Amino acid sequence: MAAEQLPILFLIDDDPQVLNSIRRDVRKEFQKQYRIVTSADPHEGLEMVRELKKEQAVIALFLSDQRMPGMLGVDFLREARILYPESKRALLTAYSDIDAAVRAINEVQLDYYFTKPWDPPEERLYPVLHDLLDVWQASYRPLDPSQPRLIGYQWSPKSHRIKDYLSSNLIPYRWLDVQTPEGRDQLTLFGLTEAELPVMILDGQTVLRDPSNAEIARHLGSSQEAGQELYDVAIIGAGPAGLAAAVYGASEGLRTLLIERHAAGGQAGTSSKIENYLGFPAGLSGAELTHRAVGQVKRFGAQLMSPAEVTSIRLLGPYKVITLSDGQSVTARSLVITTGVEYRKLESDGLERFTGAGVYYGAANTEAYACKDQPVFIVGGGNSAGQAAMHLSKYASRVHIVIRREGLEATMSSYLIDQIRATPNIELVPYSVVTAALGDGRLECVTLEQLQTGERQTVPASALFIFIGAKPATSWLELDLIKNDGGYLITGRDLYQHAGFRQIWKLDRDPYPLETCVPGIFAAGDVRAGAMNRVASAVGEGSMSISFVHKYLAEV
């Protein structure tokens with residue numbers, strides 16, 4: 001790739017000596033992958049950024065000094081963010097300016113701050129920059145002819161399914177709406193018809209017509225075959241709990257298999273921003289967390305099969321035999337079920353007809369850009385709804401949050417409520433419900449009912465995102481495991497509260513804290529009754545489950 005085509009690392013510091021030092025260190029590590037651009041003046045730097053924007057240059061990261069004459073670093077980053085909202089942003093600060101850097105986390109969505117000096121760069125500079133740039137690369141969409149292309153209709157449920165799969169799995173791709181000149185040109189170039197859409201083009205040559213997720217995965221090299229005849233532990237579900245269990249299982253020497261039917265990360269992986277996860281003061285997206293966790297899973301040697309859907313589990317003596325939807329069987333000595341939860345469906349007129357064509361359950365990250373300069377509605381008042389609202393506010397002309405209550409205080413974290421109140425194009429619609437969805441082939445309007453007065457009004461809506469709670473993903477589970485009335489798996493000593501458990505449980509010991517009514521089958525994360533429904537607690541339970549797996553394996 002020619003130097004002028006490389007993404008840019010933009011460095012700015014008014015002290016020539018410091019600027020030369022940071023340029024030298026950054027160039028030494030990153031010059032093969034990135035173009036290094038520097039400026040010693042913040043006003044001149046902003047003009048350079050504007051010119052780069054006109055040239056359609058790509059800036060991956062801004063690294064700015066905080067104290068500069070005429071403009072503070074946070075002010076420079078605030079202006080730069082308007083032009084390059086997707087770039088990573090970091091500050092160089094003196095120790096005395098750390099408080100300002102912490103405030104900048106919210107003011108300019110700062111990703112990191114470095115204190116001077118950063119010696120040695122191998123320890124105090126490069127690891128963080130690599131981490132930030134790896135995350136940026138995961139969502140970077142370069143105009144590369146070899147990059148996978150997806151051609152389809154914007155408001156097609158089939159197109160949405162593939163976009164959601166690719167985005168959820170952090171697979172870079174280029175979306176081409178067939179109703180645009182470029183999309184039609186691609187259709188003609190490859191001799192395709194609209195009846196064959198959606199179509200994926202790989203390596204500029206391979207054409208996949210209306211492909212399934214499994215077919216896409218096979219062509220992109222994702223593992224869908226079990227690599228061993230027997231595993232020590234199989235983990236079903238690759239959300240935070242499943243990923244944590246896989247990391248700990250593999251790192252502790254267990255033959256570990258992780259099975260995921262859609263995409264690693266689960267519902268947490270689709271979150272646009274997780275701001276209360278320990279160790280990330282600037283917050284991180286669900287995609288960032290998933291990207292890092294999957295890297296750990298693979299580094300420790302666990303096998304990830306995705307997409308692969310489990311249809312049944314049967315017991316064969318001490319062994320657990322898992323059957324997949326493609327007929328494949330996998331045998332494991334122990335199981336950890338971490339399938340989490342799935343969004344509840346909203347039962348209103350027209351919603352099912354427009355699902356994937358303007359009505360979405362989650363998917364705020366996937367479809368946000370399609371809502372550019374259009375009004376959108378969100379149903380729900382929990383943290384997922386709040387995070388989606390903040391993300392969509394960057395694109396939509398107005399975001400309406402529809403809730404049955406008066407306010408968000410009872411259901412949403414205070415930090416999100418504060419952010420929503422400070423965002424001018426987000427509007428709360430209290431004491432209201434969506435009663436109908438209307439449109440011709442795609443969502444165009446929604447009908448709102450005011451619960452206190454019964455008044456109804458129909459208003460324009462380009463998209464409706466639904467976050468109305470969740471139900472456990474256990475409907476696939478035919479094995480007779482004890483569940484509560486809500487369908488969540490009961491574990492540990494709570495099992496003694498259920499009639500018939502003593503007749504089922506034949507061991508002298510009590511079940512381990514995360515163990516189900518079947519010895520050697522554990523549950524962790526949101527699928528488990530009594531779980532806290534937090535990313536951190538799911539990670540904790542997934543990690544903890546492996547310690548009980550070890551104890552169980554020592555018995556059999």
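The values are calculated or read from the model by the stated rules, or taken from the named source; none is laboratory data. Every value quoted in this text rests on a predicted model; they were computed, and no experiment measured them. Because the Cβ atoms are built from the backbone with ideal geometry, glycine has one as well, and the counts that use them run over all protein chains shown. Ligands, DNA and RNA are excluded from the accessible area calculation, which covers all protein heavy atoms including side chains. Shrake-Rupley method; radii C 1.70, N 1.55, O 1.52, S 1.80 Å.
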Requested in this report: Report the residues of segment 435-473 in range of a label on Glu352: point 7 Å along Cα→C-beta, backbone N strictly under 18 Å from it.
Outcome: 435-439, 441-443, 466
Query raised in the report: Highest mean first, what order results for 250-257, 336-343 on Cβ atoms within 10 Å?
Result: 336-343, 250-257
Report task. Evaluate the charge dipole of segment 1-107 about its Cα centre and quote only its size in Debye, nearest 20, assuming +1 on the Cβ of each Lys and Arg and -1 on the Cβ of each Asp and Glu. Result -> 440
Query raised in the report: Once every DSSP H run of n ≥ 4 in the chain is given -39500 (n - 2.57) and the sum is divided by its residues, what mean residue ellipticity at 222 nm do you get, rounded to the nearest 500 deg cm²/dmol?
Result: -9000 deg cm²/dmol
Report summary line: Any GluC sites (Glu not before Pro) in segment 193-239 that lie in a DSSP loop and have at most 15 other Cβ atoms within 10 Å would be Glu225, Glu229
Query raised in the report: Over its Cα atoms, what ratio of radius of gyration to 2.2 N^0.38 Å does segment 150-205 give?
Result: 1.06
Report summary line: Nearest-0.05 FRET efficiency for Ala499 and Arg398 at R0 = 51 Å, using Cβ-Cβ distance, is 0.45
Query raised in the report: Roughly speaking, what is the stretch gain from Leu220 to Lys345, that is 0.36 nm per residue apart minus the C-alpha to C-alpha distance, in nm to one decimal?
Result: 41.8 nm
Query - Estimated vicinal HN-Hα couplings, Hz - segment 182-196 in sequence order (Karplus 6.51, -1.76, 1.60; Gly, Pro = x) - result: 5, x, 5, 4, 5, 4, 5, 4, 9, x, 9, 10, 5, 5, 8
Query raised in the report: Ranked highest first by average number of other Cβ atoms within 10 Å, how do 286-294, 240-248 line up?
Result: 240-248, 286-294
Query raised in the report: Toward the positive end of the charge dipole of segment 374-507, about the Cα centre and with charges on Cβ (Lys, Arg +1; Asp, Glu -1), which of Ala389, Gln452, Leu489 goes farthest?
Result: Leu489
**Report entry** Percent antiparallel among DSSP beta bridges (both partners in segment 129-258, rounded to 5)
**Finding:** 50
Report summary line: Between Tyr277 and Glu194, the two model label points (7 Å from Cα along the beta-carbon direction) sit apart by a distance in nm of 4.2
**Report entry** Karplus 3J(HN,Hα) series, Hz, for segment 126-139 with 6.51 cos²θ - 1.76 cosθ + 1.60 (x for Gly, Pro)
**Finding:** 4, x, 5, 4, 4, 4, 4, 6, 4, 5, 4, 4, 4, 10
Report task. Evaluate E = 1/(1 + (r/R0)^6) for Val459 and Lys158, where r is the Cβ-Cβ distance and R0 equals 35 Å; express this FRET efficiency to the nearest 0.05. Result -> 0.80
Requested in this report: Counting only C-alpha contacts under 8 Å and six or more residues apart, can you give the relative contact order of the chain as a whole percent?
Outcome: 11
Report summary line: Given 402-410, 45-53, the highest-first ranking by average Cβ count within 10 Å works out to 45-53, 402-410
Query raised in the report: If you place +1 on the Cβ of every Lys and Arg and -1 on the Cβ of every Asp and Glu, how big does the dipole about the Cα centre of the chain come out, in debye to the nearest 20?
Result: 760
Report task. Provide the per residue accessible area, probe 1.4 Å, for the chain, rounded to a whole number of square angstrom. Result -> 46
**Report entry** Bins of 10 Å from zero: percent of alpha-carbon pairs in segment 418-525
**Finding:** 11, 27, 17, 15, 21, 9, 1
Requested in this report: Give, in nm to one decimal, the length gained when the segment between Asp508 and Leu553 is fully stretched (0.36 nm per residue of separation minus the Cα-Cα distance).
Outcome: 14.6 nm
Report summary line: segment 315-375: Kirkwood hydrodynamic radius (Cα pairs, Å) comes out at 15.9
**Report entry** Dipole of the chain, positive direction: furthest Cα of Val128, Gly350, Tyr112, with charges on the beta-carbon
**Finding:** Gly350
Report summary line: On the formula 1/(1 + (r/R0)^6), with r taken between the Cβ atoms of Val321 and Val18 and R0 of 56 Å, the FRET efficiency rounded to 0.05 is 0.35
Report summary line: The equivalent-ellipsoid semi-axes of the chain, taken as the square roots of five times the Cα gyration tensor eigenvalues and listed largest first in whole Å, are 40, 30, 26
Report task. May I ask which residue of Gly45, Gly237, Ile322 lies farthest towards the positive end of the charge dipole of the chain, with charges of +1 (Lys, Arg) and -1 (Asp, Glu) on Cβ and the Cα centre as origin? Result -> Ile322
Requested in this report: Could you tell me what percent of the accessible area of the chain is made up of carbon and sulfur, with a 1.4 Å probe and every protein chain present?
Outcome: 49
Report task. Would you mind checking which residues have amide H under 5 Å from Leu92's amide H? H placed 1.01 Å from N; only 5 or more apart, or other chain. Result -> Ser64, Asp65, Gln66, Phe114
Query raised in the report: How far apart, in nm, are the 7 Å Cα→Cβ label points at Glu123 and Ala436?
Result: 6.8
Query raised in the report: Considering only Cα-Cα distances, which of the following residue pairs are longer than 29 Å: Lys116/Lys372; Lys273/Lys298; Lys53/Lys298; Lys32/Lys273; Lys273/Lys345?
Result: Lys116/Lys372; Lys53/Lys298; Lys32/Lys273
Report summary line: With DSSP loop assignment and no more than 16 other C-beta atoms within 10 Å, the GluC sites (Glu not before Pro) in segment 433-510 are Glu444, Glu455, Glu478
Query raised in the report: So what's segment 148-304 giving for Rg/Rh, alpha carbon basis, Kirkwood Rh from the mean inverse pair distance?
Result: 1.05
Requested in this report: Could you tell me what percent of the DSSP beta bridges with both partners in the chain are antiparallel, to the nearest 5?
Outcome: 35
Report summary line: Given unit charges at Cβ for Lys, Arg (+) and Asp, Glu (-), the dipole magnitude of segment 493-556 about its Cα centre in debye, nearest 20, is 60
Query raised in the report: Expressed as a whole number of Å, what is the distance separating the alpha-carbon centroids of segment 1-77 and segment 317-389?
Result: 40
Query - Interchain or long-range residues, amide H under 5 Å from Ile426's placed H - result: Val399
Report summary line: For Thr311, other-chain or 5+-apart residues with amide H closer than 5 Å (H placed, Pro excluded) are Thr323, Leu324, Ser325
Requested in this report: Determine the gain in length on full extension of the stretch Lys28-Glu182; use 0.36 nm per residue of separation and subtract their C-alpha separation, reporting nm with one decimal.
Outcome: 51.5 nm
